[in-house]
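Peer 1: Got a structure here, written out as structure tokens. Questions coming.
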Ligand SMILES: C[S@@+](CC[C@H](N)C(=O)[O-])C[C@H]1O[C@@H](n2cnc3c(N)ncnc32)[C@H](O)[C@@H]1O
């Protein structure tokens, strides 16, 4: 059975066909339906589609679909959920967890499950997945941070502590470098790693959206591969700005939008190889599928730069690393 779909996009109508026979039962599934305009359609579950939306008869079996614009990955359309009126289909209090739509209140718990699950194998998977490149991305971030002796630095979503360790070496004995994360499993691995290297850093479990630090306290705030997982990125960025001293710098290292020619290969790697590797090495395919999906849902370089400005940061700029697989954004708190 085919579900016919029609939607206005930019200057013209876009038509797509989704083959749903059988497989719809195994939702969520990602379909590539239209090369130029819309690439991802997520089938969330079986339902009866309203005729006006898909051009099929009322009550005809179909799929509940969500459409994402490929360039911005913004949700452009959500069809009706079973038992919902059209006006209810897109609720303000929903967010995304990878390609799933979840209640905002659920997201943090789901993210927590991912990181509790991967914590012990996180470092080895990082090296494997990025073929060691994450070390270069972090080294670049440390260079741009320009931490000097005596500085106060906050590493948010610090996980297993790569950045905190590098910052601590630069800040020296007179400096103060905090390793923080919302997830105690990740933080425990990080703290143990630091202790094994003879470093005792202040460590705190905390949510980036409600930082337990006074305003204007830090010279540098960093977040590496963490912002993507946060429910209210705008709150988190405002909090990061709040705790920066006037003149202090925020550094956001995160997966971003890869250069177009590399996109097909990168998609294949992300959706085929990563989950497979996750299963083999960490015994957890789903968490690595979430990683691939959450990268697609994260704002692109320009959008994120705008969000930093919106949060009150100035002189915002970004650097594409590895052809945009990752981008480092930075901004200054001018107070
Ligand atoms: C992919 S890991 C990154 C760890 C480390 N920064 C690195 O670069 O290797 C993402 C981290 O973000 C943390 N995280 C997710 N949501 C958070 C939040 N709201 N506040 C603080 N940390 C959060 C997770 O617990 C996880 O440890």
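The values are calculated or read from the model by the stated rules, or taken from the named source; none is laboratory data. Values in this document were obtained by computation on a predicted structure and should not be read as measured data. Cβ placement follows ideal geometry from the backbone for every residue including glycine, while neighbour counts extend to all protein chains displayed.
Peer 1: How about region 152-222: which strands (runs of 3 or more DSSP E) wholly inside it have at least 3 residues that are within 12 Å of the ligand (Cβ to nearest atom) and in contact (Cβ under 8 Å) with a residue 40 or more places away in the chain?
Peer 2: 152-156
Peer 1: Tell me, please, whether a residue that is in contact (Cβ under 8 Å) with a residue 60 or more places away in the chain, surrounded by 20 or more Cβ atoms within 10 Å (Cβ to Cβ), under 19 Å from residue 328 (Cα atoms) and near the ligand (Cβ under 8 Å from one of its atoms) can be found in region 240-255.
Peer 2: Scanning region 240-255, I find at least one residue that is in contact (Cβ under 8 Å) with a residue 60 or more places away in the chain, surrounded by 20 or more Cβ atoms within 10 Å (Cβ to Cβ), under 19 Å from residue 328 (Cα atoms) and near the ligand (Cβ under 8 Å from one of its atoms), so the answer is yes.
Peer 1: Mind checking which residues of region 276-303 are surrounded by 14 or more Cβ atoms within 10 Å (Cβ to Cβ), more than 16 Å from the ligand (Cβ to nearest atom) and in a helix (DSSP H, G or I)?
Peer 2: If the condition is that a residue be surrounded by 14 or more Cβ atoms within 10 Å (Cβ to Cβ), more than 16 Å from the ligand (Cβ to nearest atom) and in a helix (DSSP H, G or I), then 279, 285, 301, 303 are the ones that fit.
Peer 1: When you check residue 312 against the structure, is it modelled with pLDDT under 95, closer than 18 Å to residue 235 by Cα and in a loop (DSSP other than H, G, I, E, B), yes or no?
Peer 2: No: the conditions fail for residue 312.
Peer 1: Any idea which residue in region 95-144 is nearest to the ligand (Cβ to nearest atom), counting only those that are within 17 Å of residue 295 (Cα to Cα) and in a loop (DSSP other than H, G, I, E, B)?
Peer 2: 98
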